[in-house]
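Heads up, the thing below is written out as structure tokens.
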Amino acid sequence: MQNYILPILVFSPIIFSIILMSPIISSEEKVIRRSTKTFSIIHFIYTAILLITFDYTNMGNVIESNLKIFNSDWIESIGLNASFSVDILSILLIGLASIIFLIAIFLSKNMIKHSYKLYYSLILIIQTAVLGILSAKDLFIFFLFWELELIPMYIILLKWGSGNKQKTARKFILYKFFGSMFILLGLLLLYILNFINTGTLSDDFYNIDISNIDNKIKYIIFLFFLIGFGIKLPIISLHSWLPDVHSQAETPISIILSAILLKVGAYGILRFNMQVLNDIFIIFAPLIMILGVINIIYGSICAINQKDIKRIIAYSSISAMGIFLIAIASLTEIGITGAIFQLISHAFISAGLFTIAGIIYIKCGTKNILRIKGLGEKMPILMFLSIPIMLAAVGVPLLSGFIAEFLSFIGAFTSQVECIIDVKILTSIALLSLIISCIYILKIYHSVFFGELNKRYNQIKDINIHQKIILIVLIVFVIYLGIFPFSITNILSEYSIINFNIIGGF
Amino acid sequence: MEFFVNNILLTMFFPIWISLVIITSVVFKISSNRKMTLLFTLISTFIGLIFSLGLFKYVRIPNTLIIEKNILWMPFESLNFYIGTLIDSTSTSFLMILMIVSFLIQLYSYGYMKDKRGFSKYYIYLNFFNFSMIGLLLSTNLVQMYIFWELVGIASYLLIGFYYNREDVSKSAQRVFIINRIGDCALLAGIIIFIYISQIYLNQTNTDILAFTNMDDITSKMVLSAYPEIFNTAGILMIIGAFVKSAQFPFHIWLTDAMKAPTPISALIHSATMVCMGIFLIIRIYPIISPEIFNIILLFGAITAFLCAFIAITQTNIKKMLAYSTSSQLGLIFIALGLYSIPVAIIYMIIHAFTKSILFLSAGIIEKKYNNLNINELGNIRENNFYLALYWLIGSLSLSGLFFGGFTAKELLIKTTHNTNCLSVLIIILLTSYLSTFYIFKSYFLIFEEKSISTNIKVNNNNEKSMNMPIIALCFFVIIPGFIFKLSDINYLCLISIAIGGLAIINAYSCYKCNKIFIPKLLYKLSYNELYIPNVYNLIESCFNKLFKITIIIEKYIFEGVNIIAGKITAKLSDYISRIQNGNIQNYVAYSIFSTSIILLSLILFYFIILEVN
Amino acid sequence: MFEITLYHYLILALIIFSIGFIGLISSKNMIKVLLCIEIIMSSININFIAFTGFKNYMFLNGMVFSLFIIAISSIQTAIAIVLVYLIYKNKENITSEEIEELKG
């Protein structure tokens, strides 16, 4: 039975999506939506049971599943297995993914107006892809699921978008393929080097042994992985697909993209750059720290200039991922805990921000904040519920954003990585992001809700119970993580000491 | 007594629980009763009041008894974060003031907000403010203090943006938030530097380095270490945080923006409680501040006290004048702190809290009755509102330090300054008290006494009991400390200050009679435009806006440009290469045979020459 | 006198091949192209028969294969002439420069 836990988790969405596309389920919107919601809830309960019964004291791989096809491994002669495994980092991100997909499917109620079957089945395929990436134990299974999510995203961007859909979708897929090319090169090099070093063909990346290889090749592999994953978690200069995609996609897709897919890129960096290649991470840590600081400052400054709500939130995601980068480059226990905590907390915060932006877009028909004014008159409850999410994005204590930023900054400041520009000066520059982030977040909040009501919005009604519950769920998560972070930081601090190469000090 | 100590956290949880109850009733549109809201809020504050009174008796001044309880919040291997409660004389005295003022202002708000929209929202924010303030006063270590420090700032921002329909309120709220944020950022930077220093110099002892009770140990160790510069940097950054929160020069600008809040909030947050947090911080981190930094505190306190009083003499809006007056009085409290005398600072702060609240609450009644806050347009109010004039008079006498509680406080301050032999500071204190007396009595005469040109239209005539009771209570609290003063302590400085006060009153009366102020035109202009500091802030803001527009250019031409160039290169390249395929079969045949022969030739060459086979 | 060795036959085949090849790539008339293909075929025949003649008397693989080539090339030429005829019917001329429908 142990053998089938993870494959059921990973493959059930795609099986359900095939059922959905077949004529078994009728083409009425209500039936499609309700059946997808039911499936999502069942899947979420399954994931929740896995999360609750997980053994959090075991720091290695806890659940391992080896999928045998007709009683043999996949391609045994070259060592490819279809094996899945989860450990603590993976299971936390899998739980996060399930919650976010559930919220996205619930939120699609009024936002999608045509081709429901195609839409829901594509979202389920993306869910399979994400769960597969997070639980892969095998180099090529990892790559298979990595590539699997590109085509559904492309189709969704083309069919349900606004604005210049074709150019944006084309830019998205070209950038992603460019990144996948580098990742494939890196994976192949790892596979071949493992073979040269140990003489056995195996692509289990937890057990790769490339210790006797010359360092120069390892540098090249590291850079390949950094570029490939850096397109996903946008590192500035590889990021220009992100603002366009976010501003033109529908809200549930923006939520999935920003809350899950960026984190999957971060997961890739954590696994490949930090665990597999951990002895040369120290050499590149200064570079990653400088990239992180550029991310933070450039992302925040770009966000101030924008006029489209979703673009502002997209740039704030870039900024948040910059905090992740400086935290992991610090190589301290507090820093790495803060980095992983930032992944989880930022997912909820950006989901909340995009939900609010989506509701405003549906009610007002425009995303330009210069034209929307004074909605506080008509939608006081939305204004009230958006306060915790706005404050969490800024980094106010007792909400989860503060814990993540606080731990990351302490970790980065007290790190012992040697850099050209001193680590302390870099962190001090990054601290300015606290001030700059509140400028643009307040700009959104005040332009939309404050002021005199624009006459054309006289007919708007307040948000319904459905959307209220989604926002309240997100707020509860944000507040819970802010007040009781020890439930996660306890586990993560032990995990980071054992699995990552911490150098000295705090 | 043990009951109070063990259950002190109840005082924190009652407000937040009531806040949540009101929130659910608002969000899910369950109808709410205004009287019940008020009652629950008052009950929670009253419970807090009883707790703080009980603890005050328990702890007694001077601080001989300190009780601390901690729970582990986030354990890491190298650094543990705790949350707990620290009960000593400082925190209990601040707590008592907070509870009294909070209770009275919550009662007053019922009458003030009775006919306005957003009643429930107002009480949610008020309860939230209560909760965060109590959390701040009971905090045991720097991190917990920082958490509640920011939360109090958020509560103040939410209340400033209360009237969301108005455009100027929106801009002011944004500005207040950003300036507060700058201070918080400085405080956070100071805390992080402090953690870093402790890592280097304490070498893994098991003490919690951030706790206030451990700070004496830390100082002695750090003084013996050889790097005081980093230590001083941390101290200066934390002091900047305190300055921003307590509206000292040059960060006092947010206090005038904060006057867009409803008047009871100005009384509660921006004169009595939140702006005293800077003082609280300095008292708590007292052991780790070096003497140079105390000189900086003294300097900035003196500058603020004088300059803000100077600006306040020409202001015509009552609330703006009272805002600058608050800044100025806080400057005097910082002078007291800079002279190492904490008890004097606490006493002055307590009396100032009560005095300013009386003035603000009376201004609230004037605003409700006449809908106008301009001194030049009001006048002759004393005829119909004798008690209002009485309250204002009591407040003025106390603020100027001539009578009642203010007299006691000011005398203590002057005596302390005299004992440390700082002549310049003494002169500044006397000048400030002259200016304070001048502007507050000018406002009294211009508002309440008869004027030839007075355009006041009475809006409503009801004398709310709930608005008058708190002011009466506050008046008692102000009058009583005035009689503690003993006659044997009068010395010549005391007489000089009374004389200065009398001179200022005569000056104010003459200004009222002639209806203009007798200072040179240049100084008048400087003072009326608030030393042009708002213009400086606007200039800095526009400079930054222009600077940030650089990234638009970078985004558009560099990053998008890379995409466009890549696309164009690919298109050109494919254009060239596709010319090979010209549809002419003979060309294809020629190409294929040509390339095959080259491959074969190279294979033969490879075989014969490189492998050296004959 | 010098002997006529294998190499003479191979060079002859090469010369005939190159004549045919140059004619193939540079003639404008499709019929000429077909004729040049025949020339190339005959040079290949010479090549095979030369190898059979000089190297191996017992195995006649080369000659058998050249018989195959003669037979199949005639079939191929027949089909090619039909295709050229169809092109002529559609386009009224058979200059190779005008047949560019598959241009990239």
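The values are calculated or read from the model by the stated rules, or taken from the named source; none is laboratory data. Since the structure is predicted, the reported quantities are computational estimates derived from the model, not experimental observations. In this analysis, Cβ positions are derived from the backbone assuming ideal geometry, glycine residues included, and neighbour counts consider all displayed protein chains.
Things to note:
- Residue that is farthest from A:LYS367 (Cα to Cα), among those in segment A:147-160 that are in contact (Cβ under 8 Å) with a residue 60 or more places away in the chain and out of contact with any Asp or Glu (no Cβ under 7 Å at 6 or more places or on another chain): A:GLU149
- Checklist (1) within 30 Å of A:THR414 (Cβ to Cβ); (2) modelled with pLDDT under 80; (3) away from every other protein chain (no Cβ under 14 Å) applied to B:SER78, failing item: (3)
- Residue in segment A:248-270 that is at pLDDT below 90 and within 14 Å of another protein chain (Cβ to nearest Cβ) present: no
A quick yes/no check of all residues on (1) surrounded by 22 or more Cβ atoms within 10 Å (Cβ to Cβ); (2) free of Cβ contacts under 8 Å to residues at least 12 places away in the same chain; (3) over 13 Å from the mean Cα position of the chain (by Cα):
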position	(1), (2), (3)
B:GLY135	yes, no, yes
B:ASN141	yes, no, yes
B:GLY153	yes, no, no
B:SER156	yes, no, no
B:PHE162	no, no, yes
B:SER170	yes, yes, yes
B:ILE178	no, yes, no
B:LEU187	yes, no, no
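- Pairing residues of segment B:533-561 that are more than 8 Å from chain A (Cβ to nearest Cβ) with residues that are outside any helix (DSSP H, G or I), at Cβ distances under 6 Å and at least 6 apart in sequence or on separate chains, gives no pairs at all.
- In the set (1) more than 11 Å from chain B (Cβ to nearest Cβ); (2) crowded, with 21+ Cβ neighbours inside 10 Å; (3) in a loop (DSSP other than H, G, I, E, B), the condition left unmet by A:LEU481 is number (3).
- With respect to (1) part of a loop (DSSP other than H, G, I, E, B); (2) closer than 27 Å to A:ASN194 by Cβ, the lone exception for A:GLY228 is condition (1).
- Residue in segment A:112-122 that is nearest to A:PRO23 (Cα to Cα), counting only those that are among the hydrophobic types (A, V, I, L, M, F, W, C) and surrounded by fewer than 23 Cβ atoms within 10 Å (Cβ to Cβ): A:LEU118
- Filter pass, B:LYS114 being at pLDDT 80 or above and in a loop (DSSP other than H, G, I, E, B): yes
- For A:LEU442, the requirement of being part of a helix (DSSP H, G or I) and under 25 Å from A:GLY335 (Cβ atoms) is not met.
- Test set (1) modelled with pLDDT under 85; (2) facing chain B (nearest Cβ under 8 Å); (3) more than 26 Å from the chain's Cα centre (by Cα); (4) farther than 19 Å from B:PHE177 by Cα - A:ILE497 fails condition number: (3)
- Against the test of being closer than 21 Å to A:GLN342 by Cβ and either in contact with a strand residue (DSSP E or B) (Cβ under 6 Å, 6 or more places away or on another chain) or more than 9 Å from chain B (Cβ to nearest Cβ) (or both), the options A:ILE429, A:ILE460 yield a single qualifying residue, A:ILE429.
- Among the conditions (1) in a helix (DSSP H, G or I); (2) away from chain A (no Cβ under 14 Å); (3) touching a residue at least 40 places away in the same chain (Cβ under 8 Å), B:SER25 misses just one, which is (2).
- Yes/no for A:ILE465 being hydrophobic (A, V, I, L, M, F, W, C), free of Cβ contacts under 8 Å to residues at least 12 places away in the same chain, at the interface with chain B (Cβ under 10 Å from one of its Cβ atoms) and touching a Lys or Arg at 6+ places or on another chain (Cβ under 9 Å): no
- Top-ranked residue of segment A:398-442 - restricted to ones that are at pLDDT below 90 and of a type in the set (D, E, K, R), ranked as surrounded by the most Cβ atoms within 10 Å (Cβ to Cβ): A:LYS424
- In segment A:432-445, the residues that are within 7 Å of chain B (Cβ to nearest Cβ), within 16 Å of A:ARG311 (Cα to Cα) and of a type in the set (Val, Ile, Thr): A:ILE439
- Residue in segment A:163-177 that is under 21 Å from the mean Cα position of the chain (by Cα), assigned to a loop (DSSP other than H, G, I, E, B) and crowded, with 22+ Cβ neighbours inside 10 Å present: no
- Screening B:ILE517 against (1) aliphatic (A, V, I, L, M); (2) touching a Phe, Trp or Tyr at 6+ places or on another chain (Cβ under 9 Å); (3) surrounded by fewer than 14 Cβ atoms within 10 Å (Cβ to Cβ); (4) at pLDDT below 85 leaves a single unmet condition, (3).
- The criterion of being in contact (Cβ under 8 Å) with a residue 40 or more places away in the chain, within 13 Å of chain B (Cβ to nearest Cβ) and in a helix (DSSP H, G or I) holds for A:ALA404.
- The residue of segment B:147-198 that is farthest from B:VAL244 (Cα to Cα), among those that are facing chain A (nearest Cβ under 10 Å), in a helix (DSSP H, G or I) and of a type in the set (Phe, Trp, Tyr), is B:TYR196.
- Which numbered condition A:TYR154 misses (of (1) surrounded by fewer than 23 Cβ atoms within 10 Å (Cβ to Cβ); (2) under 27 Å from A:SER83 (Cα atoms)): (2)
- Options A:LEU201, A:LEU174, A:LEU187; residue that is without any contact (Cβ under 8 Å) to a residue 24 or more places away in the chain and farther than 30 Å from A:LYS37 by Cα: A:LEU174
- Some residue of segment B:281-297 being at pLDDT 90 or above and within 25 Å of B:ILE105 (Cα to Cα): yes
- Candidates B:ALA323, B:ALA247, filtered to the one that is surrounded by 24 or more Cβ atoms within 10 Å (Cβ to Cβ) and at positive phi: B:ALA247
- The residues listed here are B:ILE517, B:ILE593, B:ILE564, B:ILE580; of these, the one that is more than 30 Å from C:ILE40 (Cα to Cα) and either of a type in the set (Gly, Ala, Ser) or without any contact (Cβ under 8 Å) to a residue 12 or more places away in the chain (or both) is B:ILE564.
- Flag: B:THR417 matches the condition of being crowded, with 20+ Cβ neighbours inside 10 Å, touching a helix residue (DSSP H, G or I) at 6+ places or on another chain (Cβ under 9 Å) and farther than 25 Å from B:THR273 by Cα.
- Restricting segment A:356-382 to residues that are surrounded by fewer than 16 Cβ atoms within 10 Å (Cβ to Cβ) and under 14 Å from A:ILE444 (Cα atoms), the residue that is farthest from the other protein chains (Cβ to nearest Cβ) is A:THR366.
- Flag not set for A:ILE221, criterion: closer than 30 Å to A:ILE103 by Cβ and surrounded by 21 or more Cβ atoms within 10 Å (Cβ to Cβ).
- The single condition among (1) facing chain B (nearest Cβ under 10 Å); (2) of a type outside the set (S, T, N, Q); (3) under 24 Å from the mean Cα position of the chain (by Cα) that A:ILE389 does not meet is (1).
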